[in-house]
Structures are given as structure tokens and as C-alpha cells.
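The values are calculated or read from the model by the stated rules, or taken from the named source; none is laboratory data. Please read all numbers here as calculations on a predicted model, not as lab measurements. Reconstructed Cβ throughout: ideal geometry from the backbone, glycine too, with neighbour counts over all protein chains shown. Accessible surface is based on the protein model in full, side chains and every heavy atom, while ligands, DNA and RNA are left aside. Shrake-Rupley method; radii C 1.70, N 1.55, O 1.52, S 1.80 Å.
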Amino acid sequence: MNRNVLRIGAIALAIAGVGLAVILRGMLAPMPPTGPLALVEPQPGSPQARTEGVLEITDECVRLVHPDDTSSLLIWFRGSVTWDATDRSIAVSTPDGGDLTLHSGDAISITGGGGPATTVESAGSWVRRPAETCEAPEWFLAGEVRIAAPE
């Protein structure tokens with residue numbers, strides 16, 4: 001009886017140790033470079049507001065400049081975008097499982113949701129907050145991104 005209890009205890013301890021190692025590895029693994037991307041954790045639901053404009057990528061911010069010359073700070077879901085520092089581009093996952101590479105100056109349309117700059121804290125659970133110098137009258141949480149059709 002005691003031998004079985006010891007075996008079960010040893011197995012439980014080994015399982016707990018493996019679980020702890022996996023958790024610690026995830027916490028200690030370096031986060032891929034995020035460049036100027038503001039990131040939040042993925043969340044359920046997908047607001048269907050739509051906006052469009054020209055992508056503006058600076059050293060600290062990613063904005064969408066609208067046709068009326070106003071701008072929105074773009075916020076992305078972690079795991080849906082990848083920053084490429086070599087050519088300062090953003091790879092965005094598409095609904096069909098592909099990637100769309102975006103550069104500063106690209107005309108795009110985006111579905112998602114947002115609000116005025118004063119409510120940016122409500123965008124979600126932050127992975128990487130926008131730089132304090134990233135000012136825009138509003139923010140927009142990017143969902144699906146498409147290259148805008150030429151006018």
C-alpha cells in the first residue's frame with residue numbers, strides 16, 4: 001500500500017514539474033520583436049466597424065491616416081501580426097490562413113472597432129502598450145485587413 005502511494009506521489013510530482021517547466025519556459029521565452037506595434041490579447045467577438053486610409057509606420061507608432069487627414073492609432077491582436085524590422089513591414093494573418101505584407105504608404109481597409117483616444121485603455125488586455133508619443137484622436141482595434149481597392 002505504501003509503495004503504491006509513493007509511486008502515485010512520484011508520478012504526480014513529475015507531472016507537476018513538467019507543467020511548471022512548460023509555464024516557466026513560456027514566461028521566460030523572448031517575445032518576438034514587436035517594433036512599433038501596439039498589441040492586445042485576442043478576445044472573443046469581432047466588431048464589424050470598417051475604416052480605411054493609408055498606413056503610416058513610424059519608429060514608435062502604427063497609424064491609419066484617413067481620407068479627411070485625421071488618423072487612428074492601430075492596435076493589433078497578439079498572434080495576428082508579425083513585425084519585420086528588416087523592411088519595416090507588418091505581416092497580417094488573413095482569414096483564409098495566408099499572410100498579407102503591409103508597408104507604410106499602403107492604402108488599406110480594416111474591420112474591427114475602436115473609440116476616442118481617451119478610451120484607449122479599454123482596447124483590451126495589453127501585451128505591448130503604444131508608446132506615449134503615439135498620439136491620434138482615436139484608436140482602432142484591427143480585425144480583418146485588406147488592401148484597399150484603387151479609386
Of everything in segment 79-99, what is surrounded by fewer than 16 Cβ atoms within 10 Å (Cβ to Cβ) and on the phi < 0 side of the Ramachandran plot? Give them in sequence order. ASP84, ALA85, THR86, ASP87, ALA91, THR94, PRO95, ASP96, GLY98, ASP99
Would you call VAL127 under 17 Å from the mean Cα position of the chain (by Cα), part of a helix (DSSP H, G or I) and surrounded by 15 or more Cβ atoms within 10 Å (Cβ to Cβ)? no
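In the list SER109, SER122, which residue meets the criterion of being open to solvent by 70 Å² or more (accessible area, probe 1.4 Å) and not in a loop (DSSP other than H, G, I, E, B)? Show your work before the answer.
Values: SER109 fails: open to solvent by 70 Å² or more (accessible area, probe 1.4 Å).
It is SER122.
Of everything in segment 135-146, what is of a type outside the set (D, E, K, R) and either within 16 Å of the chain's Cα centre (by Cα) or in a strand (DSSP E or B) (or both)? Give them in sequence order. Give the derivation first.
Within segment 135-146, the first condition is being of a type outside the set (D, E, K, R), and the residues that meet it are 136-137, 139-143, 145.
Across segment 135-146, the qualifying residues are TRP139, PHE140, LEU141, ALA142, GLY143, VAL145.
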For segment 53-78, enumerate the residues that are open to solvent by 70 Å² or more (accessible area, probe 1.4 Å) and either within 15 Å of ARG146 (Cβ to Cβ) or not basic (Lys, Arg) (or both). ASP59, GLU60, PRO67, ASP68, ASP69
Residues that are without any contact (Cβ under 8 Å) to a residue 24 or more places away in the chain and either in a loop (DSSP other than H, G, I, E, B) or within 19 Å of SER125 (Cα to Cα) (or both), drawn from segment 71-91: THR86, ASP87
